[in-house]
Each structure stands twice: as C-alpha cells, then as structure tokens.
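Engineer: The structure that follows is given in the form of structure tokens.
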Amino acid sequence: MLALSLARVHVVISLLLASLSAGLLAGMDLAQTLAAFNKGIANGASVALSYALLGAFAVAIAKSGLPHALADVAVRQLQHGGGKTRLKWLLILLLATVSVMSQNLVPIHIAFIPLLVPPLLYVMARLQLDRRLVACVLTFGLVTPYMLFPVGFGDIFLQQILLGNIAKAGMDVRGVNVMQAMAIPAAGMLAGLLLAVFVSYRKPRHYDLGRIENVERTRSKIRPRALWTAVVAIAAAFAVQLYSDSMLLGALAGFLLFLASGVVRWHEADNVFGEGMKMMAMIGFIMISAQGFAEVLQASGQIGPLVAASAELFGHSRAAAAFVMLLVGLLVTLGIGSSFSTVPILTAIYVPLCLQLGFSPLATVSIIGTAGALGDAGSPASDSTLGPTAGLNVDGQHDHMRDTVLPTFLHYNLPLLAAGWLAALVL
C-alpha cells in the first residue's frame, strides 16, 4: 500500500490491491478476503456521508456570497488601514482565523481558499508578503484544529475515527480526554507556525503585480438576505452538531435552511448537492477503502505475530517503539495524503503493540493521533497542501512542491514528530 501510494498510484487503488495482497498472503481465499473488506467498508459509510453533506453545505455557503463579502471587507481594510507592517499582520491574522474556523465553526474545509485567497493576492504582493508563509499559515489552520478540538472535522477525526477505531481494536478509551492527549502534539504545530512566521519567511518577497492584475477575479452577486441566511445556517449547523453529536445532522440542517430561505433554489438543489459531493467524494472513498483494508488486516490473524515480533525488535523500549510508530505514520500519511484515512490502518497494528508495551490509553491516543496527523502537512496529495496551492497559484507564481509541500513538511512534520514522541513518554 505504501509503495504504490508513493509511486503515485491512486490511494483507493493502492488500498484495494493491498487488501487483496494482505488476505491472500495470509492464507485467506479470495471470497474470505472480499467478505472481510466488505465488512470493513460498511464502518466507513457514515463518515463518508458526513463528508458528502459537508461538501453540499460548503457549496451553498459559497453560493450565498459570504466568502467574497469577507474578502472584499478585508481588501478595503487593508487598503485604507495604515502602515504596511500593521496590514501584514492583520492579513496573516485574518487568514489564520478563517482557516481555523473552516475546520470547526464554519466546517467547509478547503472550500474557502479558492474563494477568499485570490482576491487578496494583489494586497499580498503590495505588502511583499512571502506566499510560503501564507501556505504555512493556511496549512496550520487546516490541520491543527481537527487534531486538537473535537468539534467539526475534529469530531470526525478525534471522536469517530481515532477513539472509535482504538476502542474497536481492543483498548478501553472511556474517560480519555482527547484534547489532553493531543495538546503536546498541537504545541509542536504551533512551534512550527511561529518559526515560519518570525524566522523562515519574515523577509519580503517580490511578485509580479501585472500577472496578478491579469487574473480574472470571479465575483458572486452579494445579497444582504443571502448573507444573513448564511450566518444563521452556519450557527444552526453548529448548534445541531453540538446537540446531536452528529456532523451529518448539523450539515443537513444548514443545507436545509439554505433551501427553505430560497438562497439555494429548489431546482438548483440537485446541482449544488452534486457539486458538494464531488468536492468531497475522493476523501470519502479513501476513508471507506481504508476501513476495508484495516478489516482485512484484522481478519488475516497476522497482527498478533507482527506485534510480538515488533516488541522483540524494540527490546521492549517504549521510547524506541513510540518513535518508530510515529515515523511509520509519517511515511504512510505522506503516501496516502489523508490523516483521516491513515488512522484506521495504523490502529489495527498499533493498539495491540501499545497494550503489550504498557502505554496508557492517553499515551496510545496521542501516539496514534499524532502518527495519523503526521504527513498531512507536507504530503503532495494532501488537501492541506493542495488547497493552499489552489488559492496561491492562480497567477502561476506559486509552485506546489517548492512553495507549499517542502515548507509545510519542514515546519510541521519535524516539530510534530518531536512533540508526539515527547507526549508518548510523559502521558
């Protein structure tokens, strides 16, 4: 699976082929392997449906004109707000705040980037703001909230995927505070952000203003009633999610409000919903496939021998075991490009190993959560890097690998690896 993913074979195909290989090499016949895989994919269906509804909700928010209204307000403030230094920090704060909110308060994930960032590129260029810094700010906001706060996408990652799969693998995680488990790793992400902002990319960088001016700015027709509907729908989605503990119901409530208000007209509902599903479909299918892969690994009966052999390899050293588990998580996520899909794969192997080595449930949650999040920043195939590049490269002046992937890999994965290792030893 890892080799195929790193060779740029689509991750769903990699997971399917790896599942077949795992079952057949373990002595299972084709029918048994497929039965195990089908049993596993049923476990990922609810998460995939939540993503589909979130996608539809995101498209409806975009249709209301709210993202463009926010961008236009920011541009006016930046143009009439005073000195360049003040404007620079205001812009960085704006982008950081919106990207953080996109994971929980306004759960639209990367959908805001192509709507909000391109209108701000001209101002960024006038301020000579390094887009590598902006990429690091956006990626921080796309990753850190879901790995720390159990709200929005964090509810899916921490509660449904992380704790759900750990419990399924045989460890009692009742009473575990996920925020406490992930606080030290999140501090590593914050350290990387501060390094990028204050050290690595603080110097001015020049961009061609003419190329930016030639890029067509797509504008949505902004209507006050649509903006107020968007605000109410976002608040309603958030409230329903907190009340029902279901991201699916929250997104559904928000989308239905757009329909009831007429912002999304009845005859447009199919197209809006379809666009949203297409936007999130790949992530959903990866999650479903990863659950099937994890089920085949468990059905193979080879996890026990692997854990025993690994424990002997580590010499029962918890420090060495924690470091290797985090490093493997980094490699797997780099290949897959999705931390949400990595956790079910890692959990089947890591939970028995953590039990045998004597890690506490809190430390186990921290290890697996960090191992899953590692590589999300810095993976060429990750939404957390593809999203920033989509917004910053509309004028062809931002390279995906050199200006997004490498900066985010160096500033986030290395501190996160160190912080996750420390958390595993002290929790």
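The values are calculated or read from the model by the stated rules, or taken from the named source; none is laboratory data. Just so you know, these numbers come straight off a predicted model, no measurement behind them. Note that we place each Cβ from the backbone using ideal geometry, even for glycine, and neighbour counts take in every protein chain shown. Surface areas here come from the heavy atoms of the whole protein model, side chains and all, with no ligands, DNA or RNA. Shrake-Rupley method; radii C 1.70, N 1.55, O 1.52, S 1.80 Å.
Engineer: Placing unit charges on C-beta atoms (Lys and Arg positive, Asp and Glu negative, everything else neutral), compute the dipole magnitude of the chain about its Cα centre in debye, rounded to 20. All intermediate terms of the calculation are to be shown ahead of the outcome.
Structural biologist: Numbers: 25 positive and 19 negative charges, 261 e Å.
Its charge dipole is roughly 1260 debye.
Engineer: Rounded to the nearest 10 Å², what accessible area does D399 have for a 1.4 Å probe in the complete protein model?
Structural biologist: 50 Å²
Engineer: With a sphere of radius 15 Å drawn around the Cβ of S341, what net charge do the other residues whose Cβ falls strictly inside it have (Lys, Arg +1; Asp, Glu -1)? Display every interim value, and only then the final one.
Structural biologist: Details: positive: none; negative: E295, D376, D383.
In short, -3.
Engineer: Which net charge results for the neighbourhood of L297, defined as the other residues with beta-carbon distances under 15 angstrom from its beta-carbon, given Lys and Arg at +1 and Asp and Glu at -1?
Structural biologist: Details: positive: K39, K168; negative: E295.
Local net charge: +1.
Engineer: Farthest toward the dipole's positive end in the chain, which of S289, P415, S317, given Cβ charges of +1 (Lys, Arg) and -1 (Asp, Glu) about the Cα centre?
Structural biologist: Result: P415.
Engineer: Identify, among W228, A169, G250, the residue whose Cα sits farthest towards the positive end of the charge dipole of the range 137-270, taking +1 on the Cβ of Lys and Arg and -1 on the Cβ of Asp and Glu, with the dipole about the Cα centre.
Structural biologist: W228
Engineer: With unit charges on the beta carbons (Lys and Arg positive, Asp and Glu negative) and the dipole taken about the Cα centre of the chain, which residue among N271, L17, F340 sits farthest to the positive side?
Structural biologist: Final value for the positive-end residue is N271.
Engineer: Under a 1.4 Å probe, what is the accessible area of the chain per residue, stated in Å²?
Structural biologist: Values: 17430 Å² over 427 residues.
That works out to 41 Å² per residue.
Engineer: Now, a different point. Could you give the size of the charge dipole of the range 157-273 about its Cα centre, using +1 on the Cβ of each K and R and -1 on the Cβ of each D and E, expressed in debye and rounded to the nearest 20? Could you put the intermediate results ahead of the total?
Structural biologist: Values: 12 positive and 7 negative charges, 89 e Å.
Using Cβ point charges on Lys, Arg, Asp and Glu, the range 157-273 gives about 420 debye.
Engineer: So, one more: Under the rule of -39500 (n - 2.57) per DSSP H run of 4 or more residues, summed and divided by the residues of the chain, what mean residue ellipticity at 222 nm is obtained, to the nearest 500 deg cm²/dmol? Could the numbers behind the result be given before it?
Structural biologist: Numbers: 21 runs with 296 residues, N = 427.
Result for the chain: -22500 deg cm²/dmol, rounded to the nearest 500.
Engineer: Tell me, in nm to one decimal, what length is gained between A320 and W228 on full extension, where the rule is 0.36 nm per residue of separation less the Cα-Cα distance?
Structural biologist: Separation in residues times 0.36 nm, less the Cα-Cα distance, equals 27.7 nm.
Engineer: While we're looking at this one, here's another question. For the chain, what % of the accessible area comes from carbon and sulfur atoms, probe 1.4 Å?
Structural biologist: Values: 11410 of 17430 Å².
Percent of accessible area from carbon and sulfur atoms in the chain: 65.
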